[in-house]
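For reference, the structure discussed in these notes is given below.
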Amino acid sequence: MKTAIVTDSTAYIPEQLREEHHIYMLPLMVHLGEESFREEIDISAEEFYEKASQLDVFPSSSQPSPGATIELFKRLSKEYDAIIAIYLSSGISGAYQSAYTLKDEFPLCPIYPFDSEISCYPQARLVLEAARLAHEGIEPERIIAQLTELRERTKAYFMVDDLTNLQKGGRLSGGAALVGSMLKIKPILHFENKEIVVFEKIRTKKKALQRIRKLLAIDIKKVDYPLVITVIHANREAAAKEIADKIQHDYPHLRVEISYFGPVIGTHLGEGAIGISWTEDVEINK
Ligand code: MYR
């Protein structure tokens, strides 16, 4: 059984890793004024934050072009028996829904769209696990079942410098009601039922970070499997490294990684956002 693994660009899986694991990527678009770019292809995260800081209009984003999706699925349907396509949460983007409408278009190669219910590196962890299982020749239904379990074990908390981008982009559940000074608070955000909601209202970034590390500590004690932890940043590599080093120091037996919020996610979170995610480290004993 040959199953192709597809994901969208917001998993921010580095190209080399994608190539190594035969992962196909569909880019979302970022729009800066008059210019549009396929993220991870036409524009890097660094270039995006640089350009965005010089513009006085808010950037915006859009899901992968339907043409590119159909073209990729068509090509893969000739080489593979099935396609698993893992997308960012359907509560924040129409990408999953668009793929869903194509799922029966290729009768000889069924498409299994999978809603990660998250985005960024926690999504990448699901994708990498799917690629590992596909490489072992596991049936797509079993891969989907494993991903569903891993998704349950995935947590992510994040915070932004200010909530304006999230509110303007309409990606914060209940965000329309926020006004003025409220937008400057530093709440901890997370996903609930596929949407972004405020987890706790905290006034400073330092305190929010402490609280997220406390939540991590609680989970490390609670679960009976090893975790892999990722610190994710929007153009704040040094800060992310400092946080990752502290976590690694506290938990030398766990894997701690660093990833980034690329152009599309940066459009909605704004520069300076920081997140910490954790999930079962399924690779540790493989
Ligand atoms: C689109 O235009 O279809 C993409 C919309 C993306 C919205 C992104 C909202 C922020 C997501 C934060 C993810 C944090 C994961 C740790």
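The values are calculated or read from the model by the stated rules, or taken from the named source; none is laboratory data. As the structure is a prediction and not an experimental result, all values here were calculated from the model. With ideal geometry, Cβ positions are generated from the backbone for all residues, glycine too; neighbour counts draw on all protein chains shown. Areas reflect the complete protein model, heavy atoms only, side chains present, ligands, DNA and RNA absent. Shrake-Rupley method; radii C 1.70, N 1.55, O 1.52, S 1.80 Å.
Here are some notes:
- Calculated FRET efficiency for the pair Glu50/Arg203, C-beta based, R₀ 30 Å, to 0.05: 0.50
- Base-10 log of normalised Debye intensity for the chain (one unit scatterer per alpha-carbon) at q = 0.13 Å⁻¹: -0.88
- On the beta carbon distance between Ala217 and Glu149, with R0 = 30 Å, the FRET formula returns roughly 0.80.
- Each Cα pair of segment 84-202 feeds into the Kirkwood radius, which the Stokes-Einstein equation turns, at 37 °C and 0.692 mPa s, into a diffusion coefficient of 208 µm²/s.
- In this Cβ point-charge picture (+1 for Lys and Arg, -1 for Asp and Glu), segment 155-280 has a dipole of about 460 debye about its Cα centre.
- Nearby lysines by direct alpha-carbon distance to Lys78 (threshold 29 angstrom, same-chain neighbours under 8 apart not counted): Lys2, Lys103
- The residues of segment 155-280 expose, per residue, 48 Å² of accessible area to a 1.4 Å probe.
- Mean separation of Cα contacts under 8 Å (6+ apart) over length of segment 102-196, as relative contact order %: 27
- Solvent exposure ordering (accessible area, 1.4 Å, most first) of Val6, Val197: Val197, Val6
- Per-selection Kirkwood Rh - segment 155-280 (Cα, Å, 1 d.p.): 14.9
- Largest-first principal axis extents of the Cα set of segment 88-146 (Å): 32, 28, 14
- For the chain, a simple Cβ point-charge model (Lys and Arg +1, Asp and Glu -1, everything else neutral) yields a dipole of about 1180 debye relative to the Cα centre.
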